[in-house]
Amino acid sequence: MTHHRPPDTTVSKRNSRLKAATPDKEFMITVSSLLDEAWYQRYQHISQLNIRSSIYDVTTKCNLRCTGCFFFSSGEHLVAEEEPDPAAWEAFVDREKERGVNLAILVGGEPTLHLERVDAFYQRIPTYCATNGLIRVPRDRFPDMMVGISLWGDSETEKRLRGKDVFTRSLANYRDDPYTYFLFTITPQQLGKIEPIIQRIGDAGLKVHMQLLSNDEDAPGFGWTDELLVQVRGEMDDMLDRYPEVVISSHYYHEVLTTGKMLGRTFGWSECPSVTEGLDTRDPRPKRLIRFNRWAADLKSKHRCCTSATRDCSTCKDGAAHMSWIMVNKRAHIRSTKDLQNWIEVYEMFAKLYQFLPW
Ligand code: SF4
Ligand code: SF4
């Protein structure tokens with residue numbers, strides 16, 4: 001999700017030349033017949049982005065221990081020892097670049113505990129850094145690296161789940177930063193209380209994207225029911241309508257995330273696009289993120305997917321996995337104007353979150 005450099009336009013241009021040489025006529029006619037000129041331009045713009053992401057554990061340590069953190073609750077911090085040698089990180093990122101990755105998503109643990117490792121990525125590939133926001137990424141060293149701050153709720157909820165009021169601190173650390181947004185993981189406890197949080201973020205000159213908590217550690221009162229999911233969808237839609245300058249989202253994303261349904265299909269293991277390529281033994285293999293891996297901090301081991309290695313997929317509410325699910329299923333959306341526009345909006349949302357498009 002970052003981008004001090006634009007995506008590899010050489011690759012994009014080459015691909016569009018290939019497309020021109022072997023046009024899929026039926027496909028192209030269908031797309032243009034569904035869209036008016038303005039939508040078609042938006043479609044063409046994102047079609048050229050060709051994003052290839054992978055996720056990297058920068059460290060197994062964190063300066064917090066949040067209840068419900070999938071990294072610790074699923075034992076992912078125990079899978080591998082950290083690679084200590086900065087040169088090994090640099091060589092690894094070079095290999096990842098050769099593998100075709102053009103978007104490095106840094107997670108942990110807490111990546112800001114090892115800025116030299118973050119730098120190994122930032123110097124080589126567009127890089128997005130997920131953080132809890134307690135330590136400010138120094139902007140003299142990483143002037144335009146996209147930063148996503150994890151947020152679990154209002155100050156009271158954060159105290160309860162994360163042990164302290166992280167929100168107040170992260171908000172102060174990143175006030176008015178143009179390359180930062182909050183990744184707000186909404187819990188059932190937050191229902192009816194979302195608006196003041198969105199306002200606080202907007203007042204600090206920042207953006208917000210929303211996803212839902214998967215209650216991996218069965219914290220009492222934090223599980224979703226069908227009724228609560230209907231309620232949260234309504235609230236997310238309302239926030240997007242009323243704070244379009246602050247909220248980076250789309251109604252279709254809200255629908256798919258809260259219902260777990262897309263075009264009549266059900267999200268889960270057999271559909272998930274965010275499974276590590278080398279560990280993907282599914283047959284038949286669904287549409288998936290090409291070259292996607294989630295690497296552990298030894299730079300050798302891999303985790304199953306973009307989130308918890310032990311989560312029951314039928315309970316998974318991971319926002320990025322749902323977003324990617326929509327994105328990799330482009331062809332299925334080329335069936336009506338509304339479906340295709342929905343797909344375009346989700347792709348644009350993703351591209352904004354990772355700075356391939358301006359806000
Ligand atoms: S800040 Fe993030 S990595 Fe650290 S414990 Fe909380 S959720 Fe886990
Ligand atoms: S836990 Fe979620 S992201 Fe991971 S494989 Fe299952 S559905 Fe996909």
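The values are calculated or read from the model by the stated rules, or taken from the named source; none is laboratory data. Bear in mind that the values here come from a model prediction, so they are computed numbers and not experimental data. Note: ideal-geometry Cβ built from the backbone for every residue, glycine included; neighbour counts use all protein chains shown.
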Query - Residue that is among the small types (Gly, Ala, Ser) and not in a loop (DSSP other than H, G, I, E, B), where the choices are Gly278, Gly223 - result: Gly278
Report task. Tell me, yes or no, whether region 325-347 has at least one residue that is modelled with pLDDT of 95 or more and within 9 Å of ligand 2 (Cβ to nearest atom). Result -> yes
Query - Scan of region 28-81 for residues that are among the hydrophobic types (A, V, I, L, M, F, W, C) and in contact with a Ser or Thr (Cβ under 6 Å, 6 or more places away or on another chain), ordered by number - result: Leu34, Phe70, Val79, Ala80
Report summary line: Residue hits (region 303-329; touching a Lys or Arg at 6+ places or on another chain (Cβ under 6 Å) and surrounded by fewer than 20 Cβ atoms within 10 Å (Cβ to Cβ)) are Val328, Asn329
Report task. Answer yes or no: is there a residue in region 297-318 that is hydrophobic (A, V, I, L, M, F, W, C), within 13 Å of ligand 2 (Cβ to nearest atom) and in contact with a helix residue (DSSP H, G or I) (Cβ under 7 Å, 6 or more places away or on another chain). Result -> yes
Report task. Output yes when any residue across region 259-274 is near ligand 2 (Cβ under 9 Å from one of its atoms), of a type in the set (S, T, N, Q) and either touching a Lys or Arg at 6+ places or on another chain (Cβ under 7 Å) or assigned to a loop (DSSP other than H, G, I, E, B) (or both), and no when none is. Result -> yes
Query raised in the report: In the set Thr67, Thr127, which member is more than 16 Å from ligand 2 (Cβ to nearest atom), modelled with pLDDT of 95 or more, over 15 Å from Arg294 (Cβ atoms) and hydroxyl-bearing (Ser, Thr, Tyr)?
Result: Thr127
Report task. Output the residue which, of all residues in region 70-85 that are part of a loop (DSSP other than H, G, I, E, B) and within 16 Å of ligand 2 (Cβ to nearest atom), is farthest from Glu217 (Cα to Cα). Result -> Val79
